[in-house]
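These notes concern the structure reproduced below.
The values are calculated or read from the model by the stated rules, or taken from the named source; none is laboratory data. Just so we're clear, the structure is a prediction, and the values are computed from it rather than from any experiment. Note that we place each Cβ from the backbone using ideal geometry, even for glycine, and neighbour counts take in every protein chain shown.
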Amino acid sequence: MDVRLRVNEIFHSLQGESTQAGRPCTFVRLTGCPLRCTYCDTAYAFHDGEWMTLAAVLEAVASHPARLVEVTGGEPLAQPGAIPLLHALVDAGYEVLLETSGALPIGAVPAGVRRIVDLKTPGSGEVERNDWSNLQQLRPGDEIKFVIGSRADYEWAHAVAHEHRLHERVPVLVSPVWEAGVARDLAAWVLSDGWPVRFQMQLHKWIWPGVERGV
């Protein structure tokens, strides 16, 4: 099967988010996204990219030393070739993460891939795009992420997590919108409520401030 993917970048860096934060990781960023979140920090991946064969992508990944690989975007599942890529990475023995918006079905993602599902909060402008059926597809190893830009986002996320009993099923991550200046507020809200989540910052933005690509 001739699988081709439009790839924005492949690079080796430190994992900046999720429960795997701080680990060396090879990132495969695919081009394209059907969403336009208000806080998007990878708009350069909407259109910019090079078509590559699956074999070429695997060769590029193998040129880096990390055994942890994340497929991200954009929205990687918008490309049909993403599923064969994920299968190939698992078959090659990599530890594989998938960062997805939650707007597209995750059921076809192969076992062995940790799916990090970014449920869109109201402040994203894309809350109506959430595919709620994905919450029934969650399995051990998956994670749910909420990006929080305001108190309203926080209350919405808190309610959703409790309604679907997400804490009992997977790690729940909360991340402040970088530009919104709500990090301290978010930390205070989490502590005040005793909410059993993992508070995270985007580690790469602290280490390489102002650098968009390759980190």
TODO: Within the stretch 76-125, track down each residue that is assigned to a loop (DSSP other than H, G, I, E, B), within 18 Å of L173 (Cβ to Cβ) and not hydrophobic (A, V, I, L, M, F, W, C).
DONE: S101, G102, K120, T121
Open item on the list: Residues to consider are L203, L173; find the one that is closer than 24 Å to R114 by Cα, at pLDDT below 95 and surrounded by 15 or more Cβ atoms within 10 Å (Cβ to Cβ).
Closed with: L203
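Within the stretch 3-50, how many residues are among the aliphatic types (A, V, I, L, M) and surrounded by fewer than 16 Cβ atoms within 10 Å (Cβ to Cβ)? Lay out the reasoning, then the answer.
Kept after step one, since they are among the aliphatic types (A, V, I, L, M), are these residues of the stretch 3-50: 3, 5, 7, 10, 14, 21, 28, 30, 35, 43, 45.
Still in the list and also surrounded by fewer than 16 Cβ atoms within 10 Å (Cβ to Cβ): 43.
Residues in the stretch 3-50 being among the aliphatic types (A, V, I, L, M) and surrounded by fewer than 16 Cβ atoms within 10 Å (Cβ to Cβ): 1 in total.
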Task: Selection from the stretch 102-130 of residues that are closer than 27 Å to H158 by Cβ and out of contact with any Ser or Thr (no Cβ under 9 Å at 6 or more places or on another chain) - done: G102, A103, L104, E128
Open item on the list: Quick test of your reading of the structure: A56 fulfils all but one of (1) within 22 Å of A111 (Cα to Cα); (2) surrounded by fewer than 18 Cβ atoms within 10 Å (Cβ to Cβ); (3) of a type in the set (A, V, I, L, M); (4) modelled with pLDDT of 95 or more. Name the failing condition by number.
Closed with: (1)
- [ ] Pick out the one residue from W156, W206, W195 that is touching a residue at least 24 places away in the same chain (Cβ under 8 Å), farther than 30 Å from P84 by Cα, assigned to a helix (DSSP H, G or I) and of a type in the set (F, W, Y).
- [x] W156
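Within the stretch 39-70, take every residue that is small (G, A, S) and either in contact with a Gly (Cβ under 6 Å, 6 or more places away or on another chain) or in a loop (DSSP other than H, G, I, E, B) (or both) and give me the one that is nearest to V177 (Cα to Cα). Give the derivation first.
From the stretch 39-70, those small (G, A, S) are 43, 45, 49, 55-56, 60, 62-63, 66; that's our starting set.
Next, only the ones that are either in contact with a Gly (Cβ under 6 Å, 6 or more places away or on another chain) or in a loop (DSSP other than H, G, I, E, B) (or both) stay: 45, 49, 63, 66.
On the way: A45: 19, G49: 26, S63: 33, A66: 28 Å.
Per the criteria, the residue is A45.
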